[in-house]
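As structure tokens, the structure follows; a few thoughts come after it.
The values are calculated or read from the model by the stated rules, or taken from the named source; none is laboratory data. Keep in mind that this is a model prediction, so the values were computed, not measured. When we count neighbours, we look across all protein chains shown, and the Cβ atoms used for this are built from the backbone with ideal geometry, even at glycine. Accessible surface is based on the protein model in full, side chains and every heavy atom, while ligands, DNA and RNA are left aside. Shrake-Rupley method; radii C 1.70, N 1.55, O 1.52, S 1.80 Å.
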Amino acid sequence: MSPGVRRAGAGQGAATAVQLLITLSFLPSVVEAQVTGVLDDCLCDIDSIDNFNTFKIFPKIKKLQERDYFRYYKVNLKRPCPFWAEDGHCSIKDCHVEPCPESKIPVGIKAGNSNKYSKVANNTKELEDCEQASKLGAINSTLSNQSKEAFIDWARYDDSQDHFCELDDERSPAAQYVDLLLNPERYTGYKGSSAWRVWNSIYEENCFKPRSVYRPLNPLAPSRGEDDGESFYTWLEGLCLEKRVFYKLISGLHASINLHLCANYLLEETWGKPSWGPNIKEFKRRFDPVETKGEGPRRLKNLYFLYLIELRALSKVAPYFERSIVDLYTGNVQEDADTKTLLLNIFQDTKSFPMHFDEKSMFAGDKKGAKSLKEEFRLHFKNISRIMDCVGCDKCRLWGKLQTQGLGTALKILFSEKEIQKLPENSPSKGFQLTRQEIVALLNAFGRLSTSIRELQNFKVLLQHSRDTSTLWWERGTLRCHCI
């Protein structure tokens, strides 16, 4: 090769290297520049949330999730999809969920009624069960199986009037305990049309959106030419606050789940031993402002908005757990006391946050219209919780169900303020209750959001490191170019 050709090649290589350097150095600053400042529809800034989460919430919520009361979650992963014929369950090994053997479940969790938390309440269970069996026995002798099912459905309907989610029936033989620590949320390889259909159904049929308005980057929508999504956001800004909030909550949840998958990605597998860790390329594909045409930073801002909503719910529900009747009972007296102390400590931190979202600004119009809108809001979200039974990957379904149930519980809390204020100190409340399933979902879902924001900080550091490494590489490359 002639020196001239080598110099031309070197020149082209240098140009490419410069472009790569510019791209890598530009990315972290763009991410930071666009995911910063004050959030829309509230008066809180992102830097305050980052600091609060890093130094107060994240270390404590991580410890709480490791406690027995919060690590075991009862879930039915075999419920059929109510909306379309299923494609069959994912055969990828990382999609599999390992249920927890009954022998591993703490006795207090296994024996306790889903609405009882204290040792005293659980000790009365046997007597209540006998009375209930006697009543059911009298009914069962005269009713057909179809009628029995109807009675169960009616009871479930009565119990669900304040629920934003459709809860799994913990008495079902298909419901199993899962150890969340042994089944972490991470990238499983589940993707493509099956996953797209789930999210498409959530956004297109449940986010108050007309069919004529197209979401940005929707792989199932027809091409919109030069429309980069601005028409969608023009439509969104024209909605009432409640419907904008609904969309942001779903978008924030979607962003949080995507962040978990990027942060816990299968990097390699040697001799059957997988290595999991952060995948910068996957993070850029999902959130980089250039690759997502500006959509990524918007999604990340919605993550922060969702964090604020659930943070507000925790601060509002604190009085429910501060009562002496609530013990978070597992059967281990010392651990139960430590768990409650840690939980109340977290609640104190949530109440100290100075820039909470004001839920009173929602459903504040005329009473009839506000009541109708609130019910529509509740039913739309409840429908989304049902769509989670259509997820083909068991591990994705597990964490999808838990996080939607956690958000649904947060919404239930926010719109039950009067009932929470009237809670009796030493007896169960008939006006407002939380099942153990709801409690576990609420705190674990918030733990996932806290982890997402922490992982986002980690990705910023990794991107910065990539830029510095690229700079060193470029400097070495320049020296080589001069030597040719």
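At a glance:
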read-out: Residue check for Ser361: out of contact with any His (no Cβ under 9 Å at 6 or more places or on another chain), at pLDDT below 90 and of a type outside the set (D, E, K, R); value: yes
read-out: Single condition Glu310 does not satisfy, out of (1) open to solvent by less than 40 Å² (accessible area, probe 1.4 Å); (2) within 21 Å of the chain's Cα centre (by Cα); (3) more than 22 Å from Leu411 (Cβ to Cβ); (4) not hydrophobic (A, V, I, L, M, F, W, C); value: (3)
read-out: Candidate set from the range 220-239 (those that are outside any helix (DSSP H, G or I) and surrounded by 13 or more Cβ atoms within 10 Å (Cβ to Cβ)); member that is modelled with the highest pLDDT; value: Leu239
read-out: Residues (surrounded by fewer than 19 Cβ atoms within 10 Å (Cβ to Cβ) and within 19 Å of the chain's Cα centre (by Cα)) located in the range 172-182; value: Asp179, Leu181, Leu182
read-out: Some residue of the range 70-81 being surrounded by fewer than 14 Cβ atoms within 10 Å (Cβ to Cβ) and either at pLDDT below 85 or not hydroxyl-bearing (Ser, Thr, Tyr) (or both); value: yes
read-out: Selected residue [open to solvent by 40 Å² or more (accessible area, probe 1.4 Å), farther than 30 Å from Thr339 by Cα and modelled with pLDDT of 70 or more] from Leu43, Leu20; value: Leu43
read-out: Matching residues, the range 270-316, being without any contact (Cβ under 8 Å) to a residue 60 or more places away in the chain and among the hydroxyl-bearing types (Ser, Thr, Tyr); value: Thr270, Ser275, Ser315
read-out: Scan of the range 267-307 for residues that are closer than 30 Å to Ala410 by Cβ and open to solvent by 50 Å² or more (accessible area, probe 1.4 Å), ordered by number; value: Trp276, Pro278, Arg285, Arg298, Arg299, Lys301
read-out: Scan of the range 197-219 for residues that are modelled with pLDDT of 90 or more and not acidic (Asp, Glu), ordered by number; value: Arg197, Val198, Trp199, Asn200, Ser201, Ile202, Tyr203, Asn206, Cys207, Phe208
read-out: Positions within the range 318-332 being touching a residue at least 60 places away in the same chain (Cβ under 8 Å) and surrounded by fewer than 16 Cβ atoms within 10 Å (Cβ to Cβ), in sequence order; value: Pro319, Ser324
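Table: residues versus (1) in contact (Cβ under 8 Å) with a residue 40 or more places away in the chain; (2) part of a helix (DSSP H, G or I); (3) touching an Asp or Glu at 6+ places or on another chain (Cβ under 8 Å).
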{"position": "Lys360", "(1), (2), (3)": "no, yes, no"}
{"position": "Gly365", "(1), (2), (3)": "no, no, no"}
{"position": "Ser372", "(1), (2), (3)": "no, yes, no"}
{"position": "Phe381", "(1), (2), (3)": "yes, yes, no"}
{"position": "Gly406", "(1), (2), (3)": "yes, yes, yes"}
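A quick yes/no check of all residues on (1) under 22 Å from the mean Cα position of the chain (by Cα); (2) open to solvent by less than 50 Å² (accessible area, probe 1.4 Å); (3) within 29 Å of Gly400 (Cα to Cα):
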| position | (1), (2), (3) |
| --- | --- |
| Thr341 | no, no, yes |
| Thr350 | yes, yes, yes |
| Phe357 | yes, yes, yes |
| Ser361 | no, no, yes |
| Gly369 | no, yes, no |
